[in-house]
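The values are calculated or read from the model by the stated rules, or taken from the named source; none is laboratory data. These numbers come from a predicted model, not from an experiment. All Cβ positions, even for glycine, are placed from backbone atoms using ideal geometry, and neighbour counts span all protein chains on display.
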Amino acid sequence: MALLDLQGVTKDYPLGSTIVNALRGLNLSIEKGEIVAIMGPSGSGKSTLMHILGALDAPTDGEARLEGQDLRSLSENELVTLRGRKVGFVFQTFNLIQTLTAQQNVELPMTFLGARRSARAERARALLAKVGLAERVGHRPNELSGGERQRVAIARALANDPEILLADEPTGNLDSETGATILQLLKQLCEDEGKTMILITHDPDAAAIADRIVRLRDGRVVEEARHV
Amino acid sequence: MFRDFLLLAVQSITHRKLRSALSVVGVFIGIMAVVALLTFSLGVEKAINDQVSKVFGVDTFMLIHEDLMTSRNHSSDLKGFALDIEELRRVDGVKTVAAIRQRTGFLQGPPGESGQSQQGFLPVMGLTPEMSTEFKSFLGDIVIEEGGRGIEPGDTHTALLGKEIAERLKAKVGDQIIIAGDKSAEITVTVVGVLTEQKEEQGSGFGFSTGPSLDTVYVPYDSMDMLWPESNDVVFTLVRTEPERDVDEVADRVEAAMKARGSKVSAMTFTDISKTIGMVTAVISGLFAGIAGISLLVGGIGVMNTMFTSVLERTKEIGIMKAVGAKNRHVLAVFLIESGLMGLAGGIIGALAGIGLGAAATWIVRAMFDVSVPLVISPIVVAMTLLGAFALGVVAGWWPARRGARMPVVDALRYE
């Protein structure tokens, strides 16, 4: 059974007085342990696809299954719990909470799942050490460089030991050198810990770390290429 | 988890120090006004109670017409009732009794130079000697014109005239006047003194219209018996209990005994008076607190406004929290704790400032009016105020917080 399985997925959402058909019968299957890059021009439905793959949103129609569970059958709270346990997000704009320290940011997903304070703190420090920020645990985001912020975000994404890492343009706000380091870190983590990663990107260099590249156009998969 | 949300809320408040402080100010002013008013009115209540217990004595109760105790009669006029004073004196636990009778009698002054004397129907009051010996403070300071004296124990055919009466009857100390009562009963009394105005600030005389009045003729209680043998015109009776007796219990017994003999009386003890005073001050302070409550409402709206801005500003943050596993109720809790804390902060500062303001008010009253009002800090008032301030914050934050919590995660994440 595929880890993620999308069959005939459509997603419509209202934009002003019109309805946008963001996804139009999309089929996609992702196996456990794969690194998949999703590429496509603006408006091709990348973000919408990411929302569905990350259990942030349910499709309008079609089947979207995460470990065999149909997302459309879940309540909002069940979706929250599912993504809290199974999915770790890495965003282009880092999306750290500015008022919290690096460690507190990493602890946050564990807090919402009700983890014990001491266990949380220990795991957060270990994860920050793993991404090379052992010395920066007490710093707030505005005291960190872009690369460091993205490392904190990666540590946060790993907090609940999810199956899937969902990275949305993770290098988009970084210079190429830092971007390359972050990509290497992500790839390394996936290989070490057997994570599945979905990488949404414009950047061919970023897509190069993937096992497979999926191209989207007008809400459909137009090409799937497997790296050798 | 509450501790973690508390931390999130505190960090958010301190992150926006100035705005948080400004919205706290609104709550602070309202709470300050409420606490100051309550503190001051509690002080006033205590001052009145102290004064009453000083004048009245906690071992004393009074008998008044039962109608005065009911809501049917709000007039301050004293209504006469029948009373067997000798029987009252014999009730177990009663030590001293002082009573006042009041009638309208026909008075005739001394003959003037032309042989004509002034006359008229005028109020006559009979006081038992205990009134001036045992309950002196109750009558207040009686000021008698030079050359005269008050009614003393053992007096029978004497009268103390109010100044206005003395002028009307053209009577002075040493003159003889005639008082006529029922069925041609008539006595001649000697004027022993003329009652004059009290010094102004002597406000300690307590008790309806029984305080010295300038248009009344005062005679010994016994003289009343001669003029009006049937004593169904007692307007007021003071009873002092024997030491160590339960005043309320004796009062109940007296009331029952007197009622059994046909007296329409009610006993009013210090406890009853305290209760009445408490009720009056509660109404007044409630009224003031209501006015202060308006500023609290404004303060609450201030907190609401801040929370709305905060929710809007942190839309993205809400999206992030939800993306990493926060449920709606988690987001709601974070924002409610935040607004509750702002309310509580305003409450704490406001309560302290309110107590300070209350203290200042008692000081000013003392300095300006020479009335000593104690500073009463009620832990209940303080606790209720703090609880109320927190609740105000939570209520004000409810709507914005709910709006934030219900935001779809995808929209929140996309928000810039």
Query raised in the report: Out of segment A:105-118, which residues are of a type outside the set (Ser, Thr, Tyr), free of Cβ contacts under 8 Å to residues at least 12 places away in the same chain and facing chain B (nearest Cβ under 8 Å)?
Result: A:GLY114, A:ARG117
Requested in this report: Hey, can you tell me all the residues within segment A:166-202 that are among the charged types (D, E, K, R), within 12 Å of the chain's Cα centre (by Cα) and away from chain B (no Cβ under 14 Å)?
Outcome: A:LYS195
Query raised in the report: Any residue in segment A:158-165 that is of a type in the set (Gly, Ala, Ser), within 13 Å of another protein chain (Cβ to nearest Cβ) and either surrounded by fewer than 23 Cβ atoms within 10 Å (Cβ to Cβ) or assigned to a loop (DSSP other than H, G, I, E, B) (or both)?
Result: yes
Query raised in the report: Could you say whether any residue in segment B:76-87 is exposed (fewer than 14 other Cβ atoms within 10 Å of the Cβ), more than 29 Å from B:THR133 (Cα to Cα) and without any contact (Cβ under 8 Å) to a residue 12 or more places away in the chain?
Result: no
Report task. Would you confirm whether any residue within segment B:361-371 is farther than 25 Å from B:GLY302 by Cβ, crowded, with 16+ Cβ neighbours inside 10 Å and hydroxyl-bearing (Ser, Thr, Tyr)? Result -> yes
Query raised in the report: So which of B:LYS183, B:LYS170 ends up being touching a Pro at 6+ places or on another chain (Cβ under 9 Å) and without any contact (Cβ under 8 Å) to a residue 40 or more places away in the chain?
Result: B:LYS183
**Report entry** Options B:VAL376, B:VAL394: the member that is surrounded by 14 or more Cβ atoms within 10 Å (Cβ to Cβ), among the hydrophobic types (A, V, I, L, M, F, W, C) and modelled with pLDDT under 90
**Finding:** B:VAL376
Report task. Determine, yes or no, whether B:PHE40 is buried (at least 16 other Cβ atoms within 10 Å of the Cβ), touching a residue at least 24 places away in the same chain (Cβ under 8 Å), more than 30 Å from B:PHE308 (Cβ to Cβ) and away from chain A (no Cβ under 14 Å). Result -> yes
Query raised in the report: Which one is nearest to B:ASP225 (Cα to Cα), of the residues in segment B:145-172 that are among the β-branched types (Val, Ile, Thr) and crowded, with 18+ Cβ neighbours inside 10 Å?
Result: B:THR158
**Report entry** Long-range neighbours under 6 Å by Cβ, at least six apart or interchain, first residue more than 7 Å from chain A (Cβ to nearest Cβ) and assigned to a loop (DSSP other than H, G, I, E, B) within segment B:306-330, second buried (at least 17 other Cβ atoms within 10 Å of the Cβ) and of a type in the set (A, V, I, L, M)
**Finding:** none
Report task. State yes or no: is B:PHE270 among the aromatic types (Phe, Trp, Tyr), surrounded by 14 or more Cβ atoms within 10 Å (Cβ to Cβ) and either in contact with a His (Cβ under 7 Å, 6 or more places away or on another chain) or under 30 Å from A:VAL80 (Cβ atoms) (or both)? Result -> no
